[in-house]
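Trainee: This structure is in structure tokens; I'll ask about it shortly.
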Amino acid sequence: MAMCRAGLLGSRLPHPFRILCRQMSTEPRVAVDRLRQSGLLRTQGLIGGKWIDAYDGKTIPVHNPATGDVIANVPFMGRNEAINAISSAHETFTSWSKLTANERSKRLRKWYDLIISHKEDLALLITLEQGKPLKESLGEVNYGASFIEFFAEEAKRIYGDIIPPTIDDRRLLVLKQPVGVVGAITPWNFPLAMITRKVGPALASGCTAVVKPSEYTPLTALAAAELALQAGISPGALNIVFGNAPDIGDSLLESTKVRKITFTGSTAVGKKLMAGSASTVKKISLELGGNAPCIVFDDADLDVAVKGTLAAKFRNSGQTCVCANRILVQEGIYDKFASAFAKAVQALEVGNGLIETTVQGPLINEAALEKVESLVKDATGKGADVLVGGRRHSLGRTFYEPTVLGNVNNEMLISSQEVFGPVARLLRFKTEEEAIQIANDTNAGLAAYIFTRSMPRSWRVSEALEYGLVGVNEGLISTEVAPFGGFKQSGLGREGSKYGIDEYLEIKYVCLGNLKEV
Ligand code: NAP
């Protein structure tokens, strides 16, 4: 039990926050009041630095998935608001892109400092609207903020090149310039980090942005935008609209002012955006769905493998794109691993994320719960063993029991679909070659994990896996300093690291000719 908590949660919450959480978990209004007082409970969209309602007055509620309570009503925006947000970003591009890199860097750094100084409030907001445990929300705030800090520094290092000329009275230069207005569409599972991973490098390079967060989690995006304004990010450089997703998406796609689309979400929507970007030939980056294999070899350290797999599978109740979706266990360690892993999963405490001991929150909505339920039903109907869980949780709403299924095979839908919930499935394999073949037999290619004590095998298997990220003996590998992105249908482009800023830059070649004449 101690290991499970440590694996997923790390250290305990800070003391004053623990006391506050106790009050808030029994009286959710206390949490909302606290946010209101902090000025971070923003409930309007942001266009040109002004907080705006939907032009037709329509609103939608944002629910707390743990309780069903309405946290706030927010505007349900559409095409007209999106078009104005694009115009605002387009007008601001002229001035924002002309600031010195040093000046943009300073403002981004200030934004980072403000996010960190409000991290408890932001974490609270994430838990309220998304459901993950507070400790994980605090982790997301630190992770999300780290992209702003990293790209604030990177802004000053957008270097070009001087190329040795082929004709002696010429000089050949390469400049890197911001792409222009960026349309950023993000999902609900990381309401802050999926935005900062895009907006950080966009603003650092001189681009301006129109962000469309998920309708399930707009409040964190709005709170972050409030802090951006306080930090001196120019009004209009960062605009936030949400509501009718297809209408807002189409407005971004159709506009010739929008020069780049960056999207994190499902592969199905990503493909639509890719097709829609063709008519105006936009630059695109896509961070799409995963189907991560987690391979446990006979020579793995059992404790390291259980702890790493637990973290890779059950973080955010299994609702991450890098979640271990297929756990492949070699036959020699299968029984020992299955028993230790099932015991660890059994001990995961499920509940409202505001309760300090919770490590598994609710699923985001009823549709997510029904998907998990139907995949488990299909698997058990075709012969999978339920080692732990396998049902809706007695807490009701969208809580599902942390589940482990054994003896899963390829006939079952769960072995090919992204489950996006707290269900781990174990498959047996015999040889390294077989594990690699099963792992690569998918259209996805985002994250993969391997557990082995052999260094040669670590190299061999890491190189053979057709995935953008590989964790060796480690289940939590994302960091702002390393490139994040997928092979195959898991996406295009990379976020984070020195590679992440290239997605927001155009390369311009300048030839200075006739130097002897002019
Ligand atoms: P989703 O349904 O694709 O939604 C993602 C975003 O797209 C939301 O803001 C959504 O808006 C918007 N959207 C939906 N339909 C649209 C349309 N026709 N035009 C424009 N925008 C549209 O995905 P999700 O269920 O929120 O997120 C889960 C998926 O994201 C999983 O597959 C997961 O693997 C993937 N994901 C990938 C990464 C990565 O880095 N590769 C990271 C996190 C998640 P509304 O919510 O307002 O409808």
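Trainee: Looking at region 374-411, which of its residues are part of a loop (DSSP other than H, G, I, E, B), at negative phi, modelled with pLDDT of 95 or more and not hydroxyl-bearing (Ser, Thr, Tyr)?
Mentor: Taking region 374-411 and keeping what is part of a loop (DSSP other than H, G, I, E, B), we get 382-384, 389-391, 393-399, 401-402, 407-411.
Those still in the list that are at negative phi too: 382, 384, 391, 393-395, 398-399, 401-402, 408-411.
Those still in the list that are modelled with pLDDT of 95 or more too: 382, 384, 391, 393-395, 398-399, 401-402.
If the condition is that a residue be part of a loop (DSSP other than H, G, I, E, B), at negative phi, modelled with pLDDT of 95 or more and not hydroxyl-bearing (Ser, Thr, Tyr), then 382, 384, 391, 393, 395, 399, 401, 402 are the ones that fit.
Trainee: Identify all residues within region 375-397 that are in contact (Cβ under 8 Å) with a residue 24 or more places away in the chain and under 25 Å from residue 266 (Cα atoms); write none if there are none. Walk me through how you get there before you give the answer.
Mentor: Residues of region 375-397 that are in contact (Cβ under 8 Å) with a residue 24 or more places away in the chain, as a first pass: 375-376, 378-380, 382-384, 387-389, 393, 395, 397.
Across region 375-397, the qualifying residues are 375, 376, 378, 379, 397.
Trainee: Given (1) surrounded by fewer than 19 Cβ atoms within 10 Å (Cβ to Cβ); (2) more than 11 Å from the ligand (Cβ to nearest atom), where does residue 247 come up short, assuming only one miss?
Mentor: (2)
Trainee: Pairs only if they're at least six apart or on different chains, beta carbon under 8 angstrom, first in region 239-255 and aliphatic (A, V, I, L, M), second part of a helix (DSSP H, G or I) and near the ligand (Cβ under 7 Å from one of its atoms); list them, first residue then second.
Mentor: 241/248; 253/273
Trainee: Moving on. What are the pairs with Cβ atoms under 6 angstrom where one residue, in region 172-184, is more than 23 Å from residue 255 (Cα to Cα) and the other, located anywhere, is of a type in the set (Lys, Arg)? Sequence gap at least six, or different chains.
Mentor: If the second residue must be of a type in the set (Lys, Arg), the pairs left are 175/508.
Trainee: While we're here: Restricting attention to region 250-281, report how many residues are in contact with a Lys or Arg (Cβ under 7 Å, 6 or more places away or on another chain) and within 13 Å of the ligand (Cβ to nearest atom).
Mentor: Taking region 250-281 and keeping what is in contact with a Lys or Arg (Cβ under 7 Å, 6 or more places away or on another chain), we get 251, 258-262.
Now drop any that are not within 13 Å of the ligand (Cβ to nearest atom), which leaves 251, 258, 261-262.
Of the residues in region 250-281, 4 are in contact with a Lys or Arg (Cβ under 7 Å, 6 or more places away or on another chain) and within 13 Å of the ligand (Cβ to nearest atom).
Trainee: For region 345-369, what are the residues that are over 23 Å from the mean Cα position of the chain (by Cα), surrounded by fewer than 24 Cβ atoms within 10 Å (Cβ to Cβ) and outside any loop (DSSP other than H, G, I, E, B)?
Mentor: Passing the criteria: only 346.
Trainee: Assess whether residue 329 counts as being within 13 Å of the ligand (Cβ to nearest atom) and crowded, with 24+ Cβ neighbours inside 10 Å. Give the steps one after another, and end with the answer.
Mentor: Details: within 13 Å of the ligand (Cβ to nearest atom): no; crowded, with 24+ Cβ neighbours inside 10 Å: yes.
Answer is no for this residue.
Trainee: In region 396-415, is there at least one residue being surrounded by fewer than 16 Cβ atoms within 10 Å (Cβ to Cβ) and within 16 Å of the ligand (Cβ to nearest atom)? Break it down into steps so the answer makes sense when it comes.
Mentor: So the first thing to find is which residues in region 396-415 are surrounded by fewer than 16 Cβ atoms within 10 Å (Cβ to Cβ), and the list is 396, 409-411, 413.
Among the residues that remain, those that are also within 16 Å of the ligand (Cβ to nearest atom) are: 413.
Yes.
Trainee: Does residue 235 qualify as being out of contact with any Leu (no Cβ under 6 Å at 6 or more places or on another chain), farther than 10 Å from residue 183 by Cβ and within 8 Å of the ligand (Cβ to nearest atom)? Give the derivation first.
Mentor: Details: out of contact with any Leu (no Cβ under 6 Å at 6 or more places or on another chain): yes; farther than 10 Å from residue 183 by Cβ: yes; within 8 Å of the ligand (Cβ to nearest atom): no.
The answer is no for residue 235.
Trainee: Check region 291-308 and report whether any residue there is surrounded by 23 or more Cβ atoms within 10 Å (Cβ to Cβ) and within 11 Å of the ligand (Cβ to nearest atom). Let's see the steps before the verdict.
Mentor: The initial filter retains those residues of region 291-308 that are surrounded by 23 or more Cβ atoms within 10 Å (Cβ to Cβ), namely 291-296, 300, 305-308.
With within 11 Å of the ligand (Cβ to nearest atom) added as a condition, the list becomes 291-292.
Yes, because at least one residue in region 291-308 is surrounded by 23 or more Cβ atoms within 10 Å (Cβ to Cβ) and within 11 Å of the ligand (Cβ to nearest atom).
Trainee: Being among the hydroxyl-bearing types (Ser, Thr, Tyr) and surrounded by fewer than 24 Cβ atoms within 10 Å (Cβ to Cβ) is the filter; apply it to region 184-221 and report the residue that is nearest to the ligand (Cβ to nearest atom).
Mentor: Taking the candidates together, the pick is 214.
Trainee: Moving on. Find all pairs meeting these conditions: Cβ atoms under 6 angstrom apart; at least six residues apart or on different chains; first residue within region 67-87 and within 12 Å of residue 248 (Cβ to Cβ); second residue part of a helix (DSSP H, G or I).
Mentor: Taking only residues 6 or more apart or on different chains, the pairs are 78/247; 79/247; 79/251; 82/248; 82/251; 83/251.
Trainee: Also: Could you check, for region 226-237, whether at least one of its residues is under 20 Å from residue 492 (Cβ atoms), part of a helix (DSSP H, G or I) and among the aliphatic types (A, V, I, L, M)? Walk me through it before giving the result.
Mentor: In the first step, residues of region 226-237 are kept if they are under 20 Å from residue 492 (Cβ atoms); the result is none.
No, region 226-237 contains no residue that is under 20 Å from residue 492 (Cβ atoms), part of a helix (DSSP H, G or I) and among the aliphatic types (A, V, I, L, M).
Trainee: Please specify each residue of region 280-333 satisfying the condition of being assigned to a loop (DSSP other than H, G, I, E, B) and within 30 Å of residue 131 (Cβ to Cβ). If you could, list the steps in order and put the result at the bottom.
Mentor: In the first step, residues of region 280-333 are kept if they are assigned to a loop (DSSP other than H, G, I, E, B); the result is 281-282, 288-291, 297-301, 319-323, 331-333.
Answer for region 280-333, where residues must be assigned to a loop (DSSP other than H, G, I, E, B) and within 30 Å of residue 131 (Cβ to Cβ): 288, 289, 290, 291, 319, 320, 321, 322, 323.
Trainee: If residue 321 satisfies all but one of (1) within 11 Å of the ligand (Cβ to nearest atom); (2) of a type in the set (A, V, I, L, M, F, W, C); (3) more than 25 Å from residue 197 (Cβ to Cβ), what's the number of the condition it fails?
Mentor: (3)
Trainee: Only one of 153, 120 is surrounded by fewer than 22 Cβ atoms within 10 Å (Cβ to Cβ), in contact (Cβ under 8 Å) with a residue 40 or more places away in the chain, over 17 Å from the mean Cα position of the chain (by Cα) and farther than 28 Å from residue 362 by Cβ. Can you tell me which? Working first, answer last.
Mentor: Working: 120 fails: farther than 28 Å from residue 362 by Cβ.
Only one candidate passes the filter, namely 153.
Trainee: Further question on the same structure: Quick one: is residue 229 more than 11 Å from the ligand (Cβ to nearest atom) and under 27 Å from residue 318 (Cβ atoms)? Before the answer, list the steps.
Mentor: Working: more than 11 Å from the ligand (Cβ to nearest atom): yes; under 27 Å from residue 318 (Cβ atoms): no.
So residue 229 does not fit the description; no.
Trainee: Another question, then. Go through region 250-263 and give me each residue that's of a type outside the set (D, E, K, R) and either part of a helix (DSSP H, G or I) or crowded, with 24+ Cβ neighbours inside 10 Å (or both).
Mentor: If the condition is that a residue be of a type outside the set (D, E, K, R) and either part of a helix (DSSP H, G or I) or crowded, with 24+ Cβ neighbours inside 10 Å (or both), then 251, 252, 253, 258, 262, 263 are the ones that fit.
The values are calculated or read from the model by the stated rules, or taken from the named source; none is laboratory data. Bear in mind the structure is a predicted one, so any value in this text is a computation, not a measurement. Positions of Cβ are backbone-derived with ideal geometry, glycine not excepted, and every protein chain shown enters the neighbour counts.
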